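First up is the structure itself, then whatever we jot down about it.
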Amino acid sequence: MTEHTPIAESVTIPKRLDNEEIQMTLEHIRTLLKKQEHLQELLQRKEDGEAENELLDELITQQQSTELEDYLLPLHPADIAFILEALPQDERLQVWELVNSKYDGDILLEVDDWIREDLISAMNREDLIAATETLDTDELADLVPDLPAEIVAEVQKGLTERERGQLLAAMGYEEGTVGAIMDFEMVRVREDITLEVVLRYLRRLEYMPDHTDQLFIIDRQEHLLGVLSIADLLINDPESNVKDLMKTDFFSLTPDEEDTAATSAFERYDLVSAPVIDEENRLIGRVTINDVIDVMQEDSQEQELARAGLAEEDMFASVEQAVRNRTPWLLVNLCTASTASFIAAQFEGTVGQIVILAFLMSIVAGIGGNSGNQTLTLVIRAMAMGRINSKSTVTMLKREAWVTFLVGLIGSLLASFFAWLVSGSYKIALVMVVAMICNMIIGASLGVLIPLIRQRFEKDPAVGSSVLLTFATDALGFFIFLGLATVFLL
């Protein structure tokens, strides 16, 4: 039976807040900060000179800081992380200085990357080492990219040889793989013992790793033989052997798999944890449901930003940094919109003779973009869940073409009726039908192809896809509609 390293002391779980409470807490902290700022302004206006006044000023300032520190003390690290993310940089650092130092490591793990860099830069060497000493090796691996090299070297000195090996292994896996999100905290037992022995072993532990729903059965070479659920451990006869009750048809992951493989499996099989094994079937770690939820949340946020051509950004960052983040894709969008306008300008004679076309062509372009964005969203989501790939392209194109044709037929009939009402021309209405159906099919086809092509070239399928799609449907929508109008109406 392998040993599980207990922590030195039990930890009191801080208070957790619901959504309403966290907003009230944030407002109260802002009030305390404003009060402290106002007090400091008043003190600065006072005339310098008297020693007793300086001492009084210091005592008043210290009292204000203590009030804020006491208010932060019972809060959960995750709630403190939320509060730090919601404050401007100056106030954020002011609150960070007053946070209980024993939660520093947990808070650094909870905050977003762009906040973490600011917080770490505000910490001295001793504080950083103290913060990392409370973390597991897999948690350390998450912080290493943001820590100064000398701090990483110092932290490694305090690790056991096994922990040092685990840290180096975790740092070696690329971001976005199972190895990068797995942890090493788990309970392992042998197969040749009884449940009573297992229970006695568990009682000696000062704590159980989070989300322990199963024990991992290994041999002396740490090959994974099976799993034993906590439920089976509790309801069966204590004299039963582990070997007789363990399950050998368990689900497992490998460290080099994409983390999306884990999210898909956890969703499909309703897993709480899953073992991670190497190519020789040795148990090297596990993935838990909280790791998977973090991955899903990060992927969702990245996709939402990527569809608008944005990267993650601090809402309180400098104007210069925000401009650098937002400018590139806006310039791309400007170029694509200019191209679409240039195409429309080539039909100036047609629009000049039939002015109503200028109002109707935006409908064709807009509906095509909407159709494409619906398909684009479905495809990107399916790709994230591992449900489609390049081999499914032809099938997806056929399906989307038929769906879009039928939906487009219904929509174009309504649009053509509107075109007939405003123009009084059945020819314009007919051109409207054909142009809308064609542009919607083009939009749906590009909604399938753009993310698949970007993935083929190892680019994020979500980044800028909607910008490229809008460009295509606007430009081609104008070209098809005005081109048909030129041929059949003039």
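So, in segment 322-363, exactly how many residues are buried (at least 18 other Cβ atoms within 10 Å of the Cβ), modelled with pLDDT under 85 and among the aromatic types (Phe, Trp, Tyr)?
Residues in segment 322-363 being buried (at least 18 other Cβ atoms within 10 Å of the Cβ), modelled with pLDDT under 85 and among the aromatic types (Phe, Trp, Tyr): 1 in total.
Can you find even one residue in segment 268-279 that is modelled with pLDDT of 90 or more, part of a helix (DSSP H, G or I), closer than 30 Å to Asp219 by Cβ and open to solvent by 60 Å² or more (accessible area, probe 1.4 Å)?
Yes: one or more hits.
Name the pairs: first residue in segment 163-183 and over 14 Å from Leu135 (Cβ atoms) and of a type in the set (A, V, I, L, M, F, W, C), second residue part of a strand (DSSP E or B) and open to solvent by 60 Å² or more (accessible area, probe 1.4 Å), Cβ to Cβ under 8 Å, at least 6 apart or on different chains?
Cβ pairs passing all conditions: Val178/Glu258.
Of the conditions (1) buried (at least 16 other Cβ atoms within 10 Å of the Cβ); (2) in contact with a helix residue (DSSP H, G or I) (Cβ under 8 Å, 6 or more places away or on another chain), Leu225 clears all except one; give me its number.
With respect to (1) buried (at least 16 other Cβ atoms within 10 Å of the Cβ); (2) in contact with a helix residue (DSSP H, G or I) (Cβ under 8 Å, 6 or more places away or on another chain), Leu225 is out only on (2).
Where in segment 58-110 are there helices (runs of 4 or more DSSP H), lying wholly inside it, with at least 1 residues that are touching a strand residue (DSSP E or B) at 6+ places or on another chain (Cβ under 9 Å) and open to solvent by less than 50 Å² (accessible area, probe 1.4 Å)?
By residue number, 77-85.
Within segment 456-477, does at least one residue satisfy the condition of being among the hydroxyl-bearing types (Ser, Thr, Tyr) and in contact with a Pro (Cβ under 8 Å, 6 or more places away or on another chain)?
Yes; the residues of segment 456-477 include at least one that is among the hydroxyl-bearing types (Ser, Thr, Tyr) and in contact with a Pro (Cβ under 8 Å, 6 or more places away or on another chain).
Quick one: is Phe478 of a type in the set (Phe, Trp, Tyr), open to solvent by less than 60 Å² (accessible area, probe 1.4 Å) and more than 30 Å from Thr395 (Cβ to Cβ)?
Yes: the conditions hold for Phe478.
Just give me the residues in segment 250-260 being open to solvent by less than 100 Å² (accessible area, probe 1.4 Å) and outside any loop (DSSP other than H, G, I, E, B), in sequence order.
Leu253, Asp259, Thr260, listed by residue number.
Give me the residue from segment 239-249 that is touching a residue at least 12 places away in the same chain (Cβ under 8 Å) and open to solvent by 50 Å² or more (accessible area, probe 1.4 Å) and, out of that set, farthest from Val276 (Cα to Cα).
Checked segment 239-249; the qualifying residue farthest from Val276 (Cα to Cα) is Glu239.
So which residues in segment 280-298 are open to solvent by less than 30 Å² (accessible area, probe 1.4 Å) and within 19 Å of Asp460 (Cα to Cα), if there are any at all?
Val295
Determine which member of the set Asp213, Asp232 is open to solvent by less than 40 Å² (accessible area, probe 1.4 Å), acidic (Asp, Glu) and either modelled with pLDDT of 95 or more or within 18 Å of Leu271 (Cα to Cα) (or both).
Unique residue meeting the criteria: Asp232.
Of everything in segment 150-181, what is open to solvent by less than 60 Å² (accessible area, probe 1.4 Å), part of a loop (DSSP other than H, G, I, E, B) and within 28 Å of Glu126 (Cα to Cα)? Give them in sequence order.
Leu159
Residue pairs, Cβ under 6 Å, 6 or more apart or interchain, first in segment 133-149 and closer than 22 Å to Met186 by Cα, second of a type in the set (D, E, K, R) and open to solvent by less than 70 Å² (accessible area, probe 1.4 Å). List them.
Matching pairs, first to second residue: Asp136/Glu185; Thr137/Glu163; Asp138/Asp183.
The values are calculated or read from the model by the stated rules, or taken from the named source; none is laboratory data. None of the values given here were measured: they were computed from a predicted structure. In this analysis, Cβ positions are derived from the backbone assuming ideal geometry, glycine residues included, and neighbour counts consider all displayed protein chains. Each accessible area value is taken on the protein alone, full model and side chains, heavy atoms only, with ligands, DNA and RNA left out. Shrake-Rupley method; radii C 1.70, N 1.55, O 1.52, S 1.80 Å.
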